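Some notes on the structure that comes next.
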Amino acid sequence: MSDVVIGDDGLARPAWAAVDPLMREYYDTEWGMPVRDERGLFERLSLEAFQSGLSWATILRKRPAFRAAFRDFDPDVVAAFDDDDRARLLADAGIVRNRLKVDATVANARATVALRDAGGLVDFVWSFRPAETPRPATAAEVPTTSPESVALSRALKSVGFRFVGPTTMHALMEATGIVDTHLVDSHRRGSSGVWAATP
């Protein structure tokens, strides 16, 4: 039994990526692909934090505004944000205007810069890649946390990161190819090159 939906292009996708053209494009080209550069991973971590309590579609639609507001998520630039930047962000209707999440993003930029002395954000996050990845056939079988996401959350908090709970970190791990939770019948299963499509 599988939850995939066959699109008008004949390709199998999960229901969440089967209807909205923006979500479908994101699923087909980005979601689950390895992100191994600092700026890219900082952006994904930041957007996953902003997504907490909201739909990913909402964040994806606002991503161009987020990129403009946070100066393309350059950690050095965001780490230097001051009270004027904070006020600017909280007045920007194009993004999610949540004071705690804005403050967390600035704090996380500073933590990202500080991590460079210990090998950097990318190696830090990827070091929590599990030995095996899930093989869900249905949406109900897709986990929302894992022992690795719990450990990553704890480790990031210990070096100054915020809004990095286990569920948010599991979503980050899915989005950046650290785990492959594409449904087994999806046309994207195994596409990251990190995990084989078959056992």
If you check Ala131 against the conditions, is it among the aliphatic types (A, V, I, L, M), surrounded by fewer than 16 Cβ atoms within 10 Å (Cβ to Cβ) and assigned to a loop (DSSP other than H, G, I, E, B)? yes
Enumerate the pairs (first residue in region 13-24 and touching a residue at least 40 places away in the same chain (Cβ under 8 Å) and surrounded by fewer than 18 Cβ atoms within 10 Å (Cβ to Cβ); second residue anywhere and of a type in the set (Val, Ile, Thr) and not in a loop (DSSP other than H, G, I, E, B)) with beta-carbon separation below 9 Å, excluding pairs fewer than 6 apart on the same chain, so at least 6 apart or on different chains. Ala15/Val5
Filter result (in contact (Cβ under 8 Å) with a residue 40 or more places away in the chain, touching a Ser or Thr at 6+ places or on another chain (Cβ under 7 Å) and exposed (fewer than 15 other Cβ atoms within 10 Å of the Cβ)) within region 138-166: Thr138
Note down all Cβ pairs under 7 Å where the first residue falls in region 25-46 and is without any contact (Cβ under 8 Å) to a residue 60 or more places away in the chain, the second is of a type outside the set (Val, Ile, Thr) and in a helix (DSSP H, G or I), and they're at least six residues apart or on different chains. Tyr26/Leu60; Arg39/Phe73; Arg39/Pro75; Glu43/Phe73
For region 1-34, name all the residues that are assigned to a strand (DSSP E or B) and not small (Gly, Ala, Ser). Val5, Ile6, Arg13
Cβ-Cβ under 7 Å, sequence separation 6+ or interchain: first residue in region 81-96 and over 17 Å from Arg67 (Cβ atoms), partner among the hydrophobic types (A, V, I, L, M, F, W, C) and at pLDDT 95 or above. Which pairs? Arg86/Val102; Leu90/Val102
In the set Phe73, Phe66, which member is modelled with pLDDT of 95 or more, out of contact with any Lys or Arg (no Cβ under 8 Å at 6 or more places or on another chain) and either of a type outside the set (S, T, N, Q) or closer than 26 Å to Thr181 by Cβ (or both)? Phe66
Any residue that is touching a strand residue (DSSP E or B) at 6+ places or on another chain (Cβ under 7 Å) and surrounded by 14 or more Cβ atoms within 10 Å (Cβ to Cβ) - is there at least one of those in region 27-36? yes
Restricted to region 66-95, and to residues that are in a helix (DSSP H, G or I), in contact with a helix residue (DSSP H, G or I) (Cβ under 9 Å, 6 or more places away or on another chain) and of a type in the set (A, V, I, L, M, F, W, C), which residue is nearest to Ser149 (Cα to Cα)? Phe73
Give just the number: which of (1) assigned to a loop (DSSP other than H, G, I, E, B); (2) over 14 Å from the mean Cα position of the chain (by Cα); (3) among the hydrophobic types (A, V, I, L, M, F, W, C) does Ile178 not satisfy? (2)
Determine if region 148-165 includes at least one residue that is within 15 Å of Arg13 (Cβ to Cβ) and part of a loop (DSSP other than H, G, I, E, B). no
Checked region 35-65 for anything assigned to a helix (DSSP H, G or I) and among the hydroxyl-bearing types (Ser, Thr, Tyr); matches are Ser46, Thr58
Any residue in region 185-196 that is more than 9 Å from Met33 (Cβ to Cβ) sitting within a Cβ distance under 6 Å of a residue that is of a type in the set (Ser, Thr, Tyr)? List the pairs, counting only those 6 or more apart or interchain. Asp185/Ser2; Trp195/Thr133
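The values are calculated or read from the model by the stated rules, or taken from the named source; none is laboratory data. The structure presented is a predicted model; accordingly, all values stated were derived computationally and were not measured. All Cβ positions, even for glycine, are placed from backbone atoms using ideal geometry, and neighbour counts span all protein chains on display.
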